[in-house]
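The values are calculated or read from the model by the stated rules, or taken from the named source; none is laboratory data. Bear in mind the structure is a predicted one, so any value in this text is a computation, not a measurement. FYI the Cβ positions are ideal-geometry reconstructions off the backbone, even for glycines, and counts take in every protein chain you see. Side chains included, ligands, DNA and RNA excluded: accessible areas come from the protein's heavy atoms. Shrake-Rupley method; radii C 1.70, N 1.55, O 1.52, S 1.80 Å.
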Amino acid sequence: MSEDSSALSASKHRLPRHIAIIMDGNGRWAKNRMLPRFAGHKAGVEAVRGVVENCARKGVEALTLFAFSSENWRRPAKEVGLLMDLLHTALGREVKRLNENNVRLRFIGDRTAFSEKLQSRLHEGEEETKENTGLTLVVAVNYGGMWDIAHAARLIARQVKDGQLDVQDIDEELFATFLSLNDLPGPDLFIRTGGEMRISNFLLWQLAYAELYFTDTLWPDFNEQTLNEALASFAKRQRRFGRTSEQVEQEEGA
Ligand code: FPP
(Lines give C-alpha, C1' and ligand atoms only; values in the text may rest on other atoms or scores of the structure.)
Protein backbone atom coordinates (compact mmCIF):
# COMPACT_ATOMS: atom_id res chain seq x y z
CA MET A 1 0.00 0.00 0.00
CA SER A 2 1.39 3.45 -0.88
CA GLU A 3 1.97 5.92 1.97
CA ASP A 4 -0.95 8.00 0.74
CA SER A 5 -3.48 5.22 0.52
CA SER A 6 -2.44 3.80 3.89
CA ALA A 7 -2.90 7.25 5.42
CA LEU A 8 -6.33 7.50 3.81
CA SER A 9 -7.43 4.12 5.08
CA ALA A 10 -6.05 5.02 8.52
CA SER A 11 -8.09 8.21 8.35
CA LYS A 12 -11.27 6.13 8.45
CA HIS A 13 -10.21 4.96 11.89
CA ARG A 14 -8.87 8.31 13.03
CA LEU A 15 -11.45 10.71 11.75
CA PRO A 16 -11.60 13.97 13.71
CA ARG A 17 -14.88 14.31 15.57
CA HIS A 18 -14.78 18.09 15.24
CA ILE A 19 -13.05 20.19 12.57
CA ALA A 20 -12.64 23.98 12.83
CA ILE A 21 -11.72 26.00 9.75
CA ILE A 22 -10.49 29.53 9.01
CA MET A 23 -11.54 30.03 5.40
CA ASP A 24 -8.90 32.42 4.10
CA GLY A 25 -7.95 33.48 0.59
CA ASN A 26 -11.21 34.50 -1.07
CA GLY A 27 -9.88 37.95 -1.95
CA ARG A 28 -6.66 36.59 -3.48
CA TRP A 29 -8.59 33.94 -5.42
CA ALA A 30 -10.66 36.72 -6.99
CA LYS A 31 -7.65 38.96 -7.60
CA ASN A 32 -5.84 36.13 -9.42
CA ARG A 33 -8.79 36.10 -11.83
CA MET A 34 -9.05 39.89 -12.01
CA LEU A 35 -12.47 39.70 -10.38
CA PRO A 36 -13.83 41.86 -7.54
CA ARG A 37 -13.20 40.53 -4.01
CA PHE A 38 -16.88 39.78 -3.66
CA ALA A 39 -16.63 37.16 -6.44
CA GLY A 40 -14.15 35.36 -4.19
CA HIS A 41 -16.59 35.35 -1.28
CA LYS A 42 -19.32 33.99 -3.56
CA ALA A 43 -17.00 31.22 -4.73
CA GLY A 44 -16.20 30.71 -1.02
CA VAL A 45 -19.84 29.86 -0.36
CA GLU A 46 -19.65 27.11 -2.99
CA ALA A 47 -16.60 25.69 -1.19
CA VAL A 48 -18.55 25.82 2.10
CA ARG A 49 -21.32 23.75 0.52
CA GLY A 50 -18.79 21.15 -0.66
CA VAL A 51 -16.96 20.83 2.68
CA VAL A 52 -20.23 20.58 4.62
CA GLU A 53 -21.52 17.78 2.40
CA ASN A 54 -18.20 15.94 2.51
CA CYS A 55 -17.95 16.17 6.30
CA ALA A 56 -21.57 15.04 6.68
CA ARG A 57 -20.94 12.05 4.40
CA LYS A 58 -17.73 11.03 6.16
CA GLY A 59 -19.41 11.05 9.57
CA VAL A 60 -17.65 14.05 11.13
CA GLU A 61 -19.73 15.13 14.14
CA ALA A 62 -19.10 18.88 14.09
CA LEU A 63 -17.68 21.46 11.71
CA THR A 64 -17.06 25.04 12.87
CA LEU A 65 -16.43 27.69 10.22
CA PHE A 66 -15.12 31.22 10.84
CA ALA A 67 -17.35 33.28 8.53
CA PHE A 68 -17.01 36.74 10.08
CA SER A 69 -14.65 37.74 12.86
CA SER A 70 -15.14 40.60 15.30
CA GLU A 71 -12.17 42.21 13.50
CA ASN A 72 -13.81 41.93 10.04
CA TRP A 73 -15.86 45.10 10.78
CA ARG A 74 -12.62 46.95 9.98
CA ARG A 75 -12.95 46.03 6.29
CA PRO A 76 -14.35 48.64 3.89
CA ALA A 77 -18.04 49.24 4.68
CA LYS A 78 -19.03 48.09 1.21
CA GLU A 79 -17.35 44.69 1.65
CA VAL A 80 -18.88 44.26 5.12
CA GLY A 81 -22.34 45.02 3.66
CA LEU A 82 -21.81 42.56 0.82
CA LEU A 83 -20.66 39.85 3.23
CA MET A 84 -23.79 40.37 5.34
CA ASP A 85 -25.99 40.16 2.20
CA LEU A 86 -24.16 37.02 1.11
CA LEU A 87 -24.72 35.37 4.47
CA HIS A 88 -28.40 36.33 4.35
CA THR A 89 -28.96 34.96 0.81
CA ALA A 90 -26.84 31.86 1.32
CA LEU A 91 -28.85 30.96 4.43
CA GLY A 92 -32.15 31.49 2.67
CA ARG A 93 -31.03 29.22 -0.13
CA GLU A 94 -29.11 26.52 1.72
CA VAL A 95 -31.37 25.51 4.62
CA LYS A 96 -33.32 23.06 2.41
CA ARG A 97 -30.08 21.37 1.38
CA LEU A 98 -28.87 21.25 5.00
CA ASN A 99 -32.08 19.45 5.92
CA GLU A 100 -31.59 16.99 3.04
CA ASN A 101 -28.13 16.25 4.46
CA ASN A 102 -29.46 15.95 8.05
CA VAL A 103 -27.22 18.88 9.13
CA ARG A 104 -27.99 20.88 12.28
CA LEU A 105 -27.02 24.53 11.90
CA ARG A 106 -25.89 26.77 14.75
CA PHE A 107 -24.24 30.14 15.13
CA ILE A 108 -21.74 31.40 17.69
CA GLY A 109 -20.65 34.99 18.26
CA ASP A 110 -22.26 38.25 19.25
CA ARG A 111 -25.12 38.48 16.82
CA THR A 112 -26.70 41.52 18.48
CA ALA A 113 -24.55 43.74 16.22
CA PHE A 114 -26.36 42.45 13.10
CA SER A 115 -29.48 43.85 11.47
CA GLU A 116 -32.85 42.54 12.73
CA LYS A 117 -33.34 40.94 9.32
CA LEU A 118 -30.09 38.96 9.53
CA GLN A 119 -30.67 38.04 13.17
CA SER A 120 -34.08 36.56 12.25
CA ARG A 121 -32.51 34.62 9.39
CA LEU A 122 -29.90 33.15 11.73
CA HIS A 123 -32.62 32.19 14.19
CA GLU A 124 -34.78 30.63 11.45
CA GLY A 125 -31.82 28.60 10.16
CA GLU A 126 -31.24 27.19 13.64
CA GLU A 127 -34.93 26.48 14.24
CA GLU A 128 -35.50 24.82 10.86
CA THR A 129 -32.59 22.40 11.29
CA LYS A 130 -32.64 21.77 15.04
CA GLU A 131 -34.15 18.26 14.82
CA ASN A 132 -31.40 17.01 12.48
CA THR A 133 -29.12 14.37 13.94
CA GLY A 134 -26.16 14.32 11.53
CA LEU A 135 -23.32 16.84 11.28
CA THR A 136 -23.53 19.92 13.52
CA LEU A 137 -22.46 22.90 11.43
CA VAL A 138 -21.40 25.84 13.57
CA VAL A 139 -20.91 29.16 11.82
CA ALA A 140 -18.93 31.76 13.78
CA VAL A 141 -20.27 35.25 13.05
CA ASN A 142 -19.01 38.40 14.76
CA TYR A 143 -17.00 35.94 16.80
CA GLY A 144 -13.64 36.39 18.54
CA GLY A 145 -11.91 33.99 20.90
CA MET A 146 -11.11 36.80 23.34
CA TRP A 147 -14.75 37.92 23.25
CA ASP A 148 -15.81 34.35 24.03
CA ILE A 149 -13.55 34.16 27.10
CA ALA A 150 -14.48 37.64 28.35
CA HIS A 151 -18.18 36.83 27.84
CA ALA A 152 -17.82 33.63 29.89
CA ALA A 153 -16.03 35.58 32.63
CA ARG A 154 -18.88 38.08 32.72
CA LEU A 155 -21.51 35.31 33.04
CA ILE A 156 -19.51 33.68 35.84
CA ALA A 157 -18.99 36.98 37.67
CA ARG A 158 -22.73 37.63 37.54
CA GLN A 159 -23.48 34.20 39.05
CA VAL A 160 -20.91 34.81 41.82
CA LYS A 161 -22.44 38.23 42.52
CA ASP A 162 -25.94 36.70 42.69
CA GLY A 163 -24.71 34.03 45.09
CA GLN A 164 -25.39 31.18 42.63
CA LEU A 165 -21.74 30.22 42.35
CA ASP A 166 -18.86 30.02 44.80
CA VAL A 167 -15.46 31.45 43.75
CA GLN A 168 -13.82 28.20 44.95
CA ASP A 169 -15.79 26.25 42.31
CA ILE A 170 -14.25 28.09 39.36
CA ASP A 171 -11.85 25.78 37.55
CA GLU A 172 -11.10 24.94 33.90
CA GLU A 173 -13.96 22.46 33.69
CA LEU A 174 -16.54 24.88 35.04
CA PHE A 175 -15.19 27.80 32.99
CA ALA A 176 -15.53 25.77 29.78
CA THR A 177 -19.25 25.28 30.40
CA PHE A 178 -19.75 29.04 29.92
CA LEU A 179 -17.94 29.13 26.56
CA SER A 180 -19.31 28.70 23.03
CA LEU A 181 -19.37 25.08 21.82
CA ASN A 182 -19.61 23.81 25.41
CA ASP A 183 -21.90 20.97 24.33
CA LEU A 184 -19.61 19.69 21.56
CA PRO A 185 -16.36 17.74 21.68
CA GLY A 186 -13.40 20.15 21.38
CA PRO A 187 -12.05 20.60 17.84
CA ASP A 188 -9.53 17.84 17.05
CA LEU A 189 -8.38 19.38 13.78
CA PHE A 190 -7.92 23.06 12.94
CA ILE A 191 -7.47 23.95 9.27
CA ARG A 192 -6.47 27.34 7.89
CA THR A 193 -6.39 27.88 4.14
CA GLY A 194 -4.69 30.73 2.29
CA GLY A 195 -1.12 30.26 3.52
CA GLU A 196 -1.15 32.32 6.75
CA MET A 197 -0.07 30.50 9.90
CA ARG A 198 -2.12 32.24 12.57
CA ILE A 199 -5.12 31.46 14.75
CA SER A 200 -6.39 35.05 14.38
CA ASN A 201 -8.49 35.17 17.54
CA PHE A 202 -10.57 32.11 16.53
CA LEU A 203 -11.38 29.49 19.18
CA LEU A 204 -8.55 30.33 21.59
CA TRP A 205 -9.58 28.18 24.53
CA GLN A 206 -11.21 25.37 22.55
CA LEU A 207 -8.18 24.81 20.28
CA ALA A 208 -5.91 23.94 23.21
CA TYR A 209 -5.34 20.35 22.02
CA ALA A 210 -6.30 20.64 18.35
CA GLU A 211 -3.92 19.45 15.65
CA LEU A 212 -3.07 22.45 13.46
CA TYR A 213 -3.04 22.14 9.66
CA PHE A 214 -2.11 24.99 7.33
CA THR A 215 -2.43 24.89 3.56
CA ASP A 216 -1.63 27.38 0.79
CA THR A 217 -4.84 26.39 -1.01
CA LEU A 218 -7.11 29.43 -1.28
CA TRP A 219 -10.51 28.82 0.29
CA PRO A 220 -12.57 28.73 -2.96
CA ASP A 221 -10.26 25.94 -4.20
CA PHE A 222 -10.69 23.85 -1.04
CA ASN A 223 -12.43 20.65 -2.15
CA GLU A 224 -12.77 16.97 -1.27
CA GLN A 225 -9.19 16.26 -2.30
CA THR A 226 -7.69 19.02 -0.13
CA LEU A 227 -9.96 17.98 2.74
CA ASN A 228 -8.71 14.40 2.36
CA GLU A 229 -5.11 15.66 2.51
CA ALA A 230 -5.86 17.41 5.80
CA LEU A 231 -7.59 14.28 7.14
CA ALA A 232 -4.66 12.10 6.09
CA SER A 233 -2.24 14.44 7.88
CA PHE A 234 -4.43 14.28 11.00
CA ALA A 235 -4.61 10.48 10.85
CA LYS A 236 -0.80 10.23 10.91
CA ARG A 237 -0.35 12.37 14.02
CA GLN A 238 -0.07 11.01 17.50
CA ARG A 239 -2.18 12.94 19.97
CA ARG A 240 -0.55 12.78 23.36
CA PHE A 241 -2.55 15.23 25.50
CA GLY A 242 0.50 15.74 27.72
CA ARG A 243 1.39 12.03 27.99
CA THR A 244 4.56 10.35 26.65
CA SER A 245 4.47 8.56 23.30
CA GLU A 246 5.19 5.27 25.13
CA GLN A 247 2.06 5.74 27.24
CA VAL A 248 -0.04 6.49 24.16
CA GLU A 249 1.31 3.45 22.27
CA GLN A 250 0.61 1.23 25.27
CA GLU A 251 -2.97 2.49 25.53
CA GLU A 252 -3.59 2.21 21.79
CA GLY A 253 -2.29 -1.35 21.79
CA ALA A 254 -4.45 -2.29 24.77
C1 FPP B 1 -11.40 35.40 4.16
O2 FPP B 1 -10.92 35.69 2.87
C3 FPP B 1 -12.83 35.15 4.11
C4 FPP B 1 -13.78 35.85 4.82
C5 FPP B 1 -13.50 36.95 5.73
C6 FPP B 1 -15.20 35.56 4.66
C7 FPP B 1 -15.56 34.11 4.62
C8 FPP B 1 -16.97 34.02 4.20
C9 FPP B 1 -17.46 33.11 3.33
C10 FPP B 1 -16.67 32.02 2.72
C11 FPP B 1 -18.88 33.20 2.90
C12 FPP B 1 -19.92 33.09 3.95
C13 FPP B 1 -19.94 31.83 4.75
C14 FPP B 1 -20.99 30.99 4.97
C15 FPP B 1 -20.86 29.97 6.04
C16 FPP B 1 -22.24 30.99 4.17
P17 FPP B 1 -10.19 37.09 2.62
O18 FPP B 1 -11.19 38.04 2.07
O19 FPP B 1 -9.50 37.54 3.88
O20 FPP B 1 -9.14 36.68 1.52
P21 FPP B 1 -7.71 37.36 1.28
O22 FPP B 1 -6.88 37.04 2.50
O23 FPP B 1 -7.24 36.63 0.07
O24 FPP B 1 -7.95 38.81 1.06
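Of the accessible area of the chain, with the probe set at 1.4 angstrom, what percent is carbon plus sulfur?
50
Taking the Cα centre as origin and putting +1 on Lys and Arg beta-carbons and -1 on Asp and Glu beta-carbons, what dipole magnitude results for the chain, to the nearest 20 debye?
Approximately 980 debye in magnitude.
In a Gaussian network model over the chain where Cα atoms closer than 10 Å are linked, find which of PRO76, PRO36, PRO185 has the largest mean-square fluctuation.
Judging by the Gaussian network model, the answer is PRO76.
Among GLU131, GLU53, GLU211, which one moves the most in a GNM of the chain with springs linking Cα atoms closer than 10 Å?
Result for the chain, Cα springs under 10 Å: GLU131 fluctuates most.
Past the 21 Å Cα-Cα mark, which pairs from LYS42/LYS78; LYS42/LYS130; LYS78/LYS130; LYS42/LYS96?
The pairs that break the limit, which is 21 Å between Cα atoms, are LYS42/LYS130; LYS78/LYS130.
May I ask you to work out the translational diffusion coefficient for the stretch 152-254 at 10 °C, viscosity 1.306 mPa s, via Stokes-Einstein with Rh from the Kirkwood sum over Cα pairs, reported in whole µm²/s?
D = 95 µm²/s.
Taking the Cα centre of the chain as the origin and placing charges on Cβ (Lys, Arg +1; Asp, Glu -1), which of SER70, SER180, GLN206 is farthest toward the positive end of the dipole?
Result: SER70.
Treating only the Cβ of Lys, Arg, Asp and Glu as charged (+1, +1, -1, -1), what charge dipole size does the stretch 114-209 show about its Cα centre? Round to the nearest 20 debye.
Charge dipole, the stretch 114-209, about its Cα centre: 460 debye, nearest 20.
Calculated from DSSP H runs of 4 or more alone, at -39500 (n - 2.57) each and per residue, what is the 222 nm mean residue ellipticity of the chain, nearest 500?
The helix contribution divided over the chain gives -15500 deg cm²/dmol.
Would you work out the Kirkwood radius for the stretch 73-203? I mean one over the mean of 1/r across all pairs of different Cα atoms, in Å.
17.0
Roll a 1.4 Å probe over the protein chains and send me the accessible area per residue for the stretch 48-100 in Å².
50
Rank these by accessible area, largest first, 1.4 Å probe: TRP219, TRP29, TRP205.
TRP205, TRP29, TRP219
Just to verify a number: what accessible area does HIS41 come out at with the full protein assembly present, 1.4 Å probe, Å² rounded to tens?
20
Looking at the square roots a ≥ b ≥ c of the eigenvalues of the Cα gyration tensor of the chain, which shape do they give, rounded for a/c under 1.5, prolate if a/b is larger than b/c, or oblate?
Cα axes put the chain in the oblate bin.
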